[in-house]
Amino acid sequence: LAIQNMLPLPNAPGIINNYVVPGYTNWEHITNYAWKLDHSISSTIKLSWYLSELLTRNPGANGFPQSFGGGVPMDNRNFTTRVNYDQTLKPTLLLHVGIGYYQVWEPQFPVKFDQNSIGLHGYFDPNLFPIINGLNNTNSGGWAGAGQFLGTPGALGAGYQAQLWEEKPTANTNLTWVKGNHIFKFGGEYAGEGLPERANWRANGAFTFSNAETSDPWQNGQALNYPNGTGFSYASFLLGIPDTLALSQPTGTKMGNHLLGVYAQDSWKVTRRLTIDYGLRYDYETYLKETYGRQPDLSFTTPNPTVGGLLGAGIFEGYGPGRCNCQFSHVYPYAFGPRLGGAFQLNPKTVIRGGVGVAYGIVQTSAAFNYGVATYNTYNALGYGITPVPNGLQGGNPYPNVTWPNFSPGQWPVLTAGLLPPSNPNIFYDPQARPPRILQFSIGVQRELANGIVVEASYVGNRGAWFPAPLEDQISANTLTPAI
């Protein structure tokens with residue numbers, strides 16, 4: 001009732017869609033600047049520096065009080081800087097070195113709210129409005145406002161407090177050497193990806209209500225399923241009986257990976273009419289993982305103490321107590337990419353060009369859970385007409401002993417009132433972590449029709465394998481063995 005009293009009263013006629021958000025102001029302020037400096041240190045050495053920043057601010061106003069209406073101010077920052085060094089070592093030898101850094105900062109600070117003011121107490125972040133979903137039923141009605149998930153009917157709350165970063169250092173170097181009728185090029189490049197976060201996700205309590213708790217228990221197992229059966233999700237809310245509760249301590253994690261590539265190539269002018277290009281590249285890519293091993297993975301071979309030692313448990317990467325003494329996946333060691341191309345002049349107006357090469361894409365694992373890697377507890381419904389969370393909302397936090405990080409292999413399935421609902425690790429790593437491989441090829445003809453007019457006809461093809469399918473990886477965790 002305390003939460004319901006915060007909702008605005010209808011201001012339009014009818015019994016549905018009877019609230020119109022009054023006029024409000026929501027502005028956005030974008031500042032984008034860039035700075036570039038080029039300096040010739042000598043006749044053979046050049047240095048350049050680039051710096052840019054993009055600032056985006058927005059109050060996140062939507063016409064509702066921000067404590068429950070989903071409005072979160074935006075104050076994002078994108079920062080990019082690069083330094084390039086070029087030196088002519090000899091008339092036929094050129095060196096290039098470049099380094100860069102890219103960072104995105106996305107803070108999310110909802111308006112503070114005292115949970116004690118509505119009788120909610122004991123949750124790990126008591127200074128934010130709780131996350132509440134499921135207050136709307138298409139057939140029965142309810143509150144249809146959009147909360148922390150934009151456009152989600154029946155949601156209340158601005159979500160959670162968080163600071164999210166994306167950090168990407170880069171470096172590249174190459175050496176170009178002209179010798180006779182050859183142009184050799186040797187080089188390498190590096191890119192790192194860091195995704196740190198500090199979040200109170202679910203620490204303020206994430207509740208979902210449904211019609212199950214106010215349904216006739218007889219309905220359980222019958223054909224009258226939600227939303228066509230008995231019960232009313234808003235009535236379950238008024239009784240303070242959530243269907244599910246997701247709960248976590250404040251967390252801080254950092255996902256990351258590294259990419260390193262080296263290559264050598266030669267452009268060989270065999271004759272005045274024939275040029276051949278050939279080269280080889282090697283890529284070394286690590287998979288995206290939590291830096292300190294605090295991300296779980298589903299293991300099909302680990303005994304689970306919660307279910308009497310049956311195989312199937314959550315494990316954590318690394319070595320030592322609470323760890324699996326293993327790595328979730330392995331770096332693919334054979335990412336070699338040969339390339340071959342050429343151009344041949346049939347006559348002064350016609351040239352034939354062709355080429356073939358192997359390239360590798362980015363390794364993606366675990367559906368790129370950048371900011372959702374921290375473990376959390378979900379307490380699920382037990383059946384129609386049954387209270388799943390002890391004491392509902394009135395009793396405060398029913399699970400005050402939730403900790404993070406928690407490396408216990410028996411923390412799944414999550415116990416609710418002594419029973420075992422289907423709440424398991426939601427992350428599964430492909431143990432191969434193989435990068436996608438793409439074979440690219442083309443052949444074409446260029447023809448000069450007249451002075452300044454050239455036509456070209458080409459056939460371009462590619463064939464790939466091992467493309468990432470992270471959602472299928474996630475689904476494959478719900479199997480009896482890794483093979484099926």
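The values are calculated or read from the model by the stated rules, or taken from the named source; none is laboratory data. Only a predicted model underlies this, so the values are computations on that prediction, with no experimental measurement involved. When we count neighbours, we look across all protein chains shown, and the Cβ atoms used for this are built from the backbone with ideal geometry, even at glycine. Side chains are part of the model used for accessible areas, which takes the heavy atoms of the whole protein and leaves out ligands, DNA and RNA. Shrake-Rupley method; radii C 1.70, N 1.55, O 1.52, S 1.80 Å.
Some points to look at:
- Proximal charge balance of F407 [Cβ under 13 Å; K/R count +1, D/E count -1]: -1
- Of the residues P338, Y278, I315, the one whose Cα sits farthest toward the positive end of the charge dipole of the range 267-365, with +1 on the Cβ of Lys and Arg and -1 on the Cβ of Asp and Glu, is Y278.
- Percent accessible area from carbon and sulfur atoms, the range 51-93, protein chains only, probe 1.4 Å: 57
- Normalised per residue, the accessible area of the range 174-311 is 47 Å², obtained with a 1.4 Å probe and no contribution from ligands, DNA or RNA.
- Order by protection proxy (mean Cβ within 10 Å, highest first), peptides 265-278, 190-203: 190-203, 265-278
- Straight-line cross-link partners of K289 among the lysines, defined as a Cα under 17 Å from its Cα and at least 8 positions apart when in the same chain: K168, K254.
- Fraction of accessible area attributable to carbon and sulfur, the range 249-328 (%, probe 1.4 Å): 61
- Cross-link partners of K185 among aspartates and glutamates, defined as those whose alpha carbon lies under 20 angstrom from its own and excluding same-chain residues fewer than eight positions apart: D86, D266, D277, D283.
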